[in-house]
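S.K.: Pasting a structure here, questions to come.
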Amino acid sequence: MTYHETVKKIQDLLRVNNVWFESFEHEPVRTSEDAAKVRPEYSLHQGAKAMVVRVKRSEKDKEFMMFVFPADFKFDMKKAKEILKAKDIRFATEPEVLELTDGVQPGGVPPFGNLFNLTTIADPSLFGNEKIIFNAGDRCFSIAMQSKDYKTLVNPRVENIV
């Protein structure tokens, strides 16, 4: 099967940095709940949900960012707005996600904002998991890795966003 090129980019990044990881091929999934069903050895809480959002601080200051948190939690836009001193925050549209991620479909976006030049903000609760799992650039391919290695490689800003 052929996967989106982002899968290889992530695997290469992990290999070059000598990071332990497991990879899983599975049926296509779009939601975190569906992903948890095809990855029974991992809990929904271990799923690293990546949300691409547009943050507007002023008419001229608009930026797309990535927010990452455990998949069983809900993103708190109000908290994010306060933390970022934003006037408005909204989820990126499907066409925006495709453009920002070099064609990765929503549901397949990995929590590696650094691969797409997106500022990445992670909730501290994500690092309460020894291991995290996520769709790795394709709805049919997941990677599990240690959360401490994720934190080192991505270097997200850590803020309470859930």
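S.K.: With +1 on the Cβ of every Lys and Arg and -1 on the Cβ of every Asp and Glu, and nothing else charged, how large is the dipole of the range 15-152 about its Cα centre, in debye rounded to the nearest 20?
M.R.: Dipole magnitude for the range 15-152 comes out near 600 debye.
S.K.: Over all pairs of distinct alpha carbons, what does the Kirkwood formula give as the hydrodynamic radius of the range 8-59, in Å?
M.R.: 13.8 Å is the Kirkwood radius here.
S.K.: Ignoring solvent entirely, what values of log10 I(q)/I(0) come out of the Debye formula for the chain at 0.11 Å⁻¹ when each Cα is a single scatterer?
M.R.: Result of the Debye calculation: -0.40.
S.K.: So between ASP88 and MET1, what do we pick up on full extension, going 0.36 nm a residue minus the alpha carbon distance?
M.R.: 27.3 nm
S.K.: Apply the Karplus curve 6.51 cos²θ - 1.76 cosθ + 1.60, θ = phi - 60°, to the phi angles in the range 21-37 and return the couplings in whole Hz, x for Gly and Pro.
M.R.: Per residue, the Karplus-derived 3J(HN,Hα) values read 7, 10, 10, 9, 9, 7, 4, x, 10, 10, 9, 4, 5, 5, 4, 4, 5 Hz.
S.K.: So for the pair ASN114, LYS81, with labels modelled 7 Å out along Cα→Cβ, what separation do we get in nm?
M.R.: The modelled label-to-label distance comes out at 3.1 nm.
S.K.: Would you calculate, for the chain, the mean residue ellipticity at 222 nm contributed by helices, counting each DSSP H stretch of 4 or more residues as -39,500 (n - 2.57) and dividing by all residues, to the nearest 500?
M.R.: Here the helix-only value at 222 nm equals -7000 deg cm²/dmol.
S.K.: Would you kindly state how much longer the chain becomes between GLU99 and GLU59 on full extension, computed as 0.36 nm times their sequence separation minus their alpha carbon distance, in nm to one decimal?
M.R.: 12.3 nm
S.K.: Given H placed 1.01 Å from N in the peptide plane, which residues other than close sequence neighbours of TYR3 have an amide H under 5 Å from its amide H?
M.R.: Sorted by chain and number, the residues that satisfy this come to none at all.
S.K.: What lysines could a cross-link reach from LYS8, if we take a straight Cα to Cα line under 27 Å and drop same-chain neighbours fewer than 8 places away?
M.R.: LYS37, LYS49, LYS131, LYS148, LYS151
S.K.: Just grab the label-to-label distance for ASN17 and LYS74, each label 7 Å out from Cα along the Cβ direction, in nm (one decimal).
M.R.: With each label point 7 Å from Cα toward Cβ, the separation is 3.2 nm.
Every number here is computed from the coordinates shown, using simple stated rules; none is lab data. From a predicted model like this one, the values you see are computed outputs, not experimental measurements. Neighbour counts run over all protein chains shown; Cβ positions are idealised from the backbone, glycine included.
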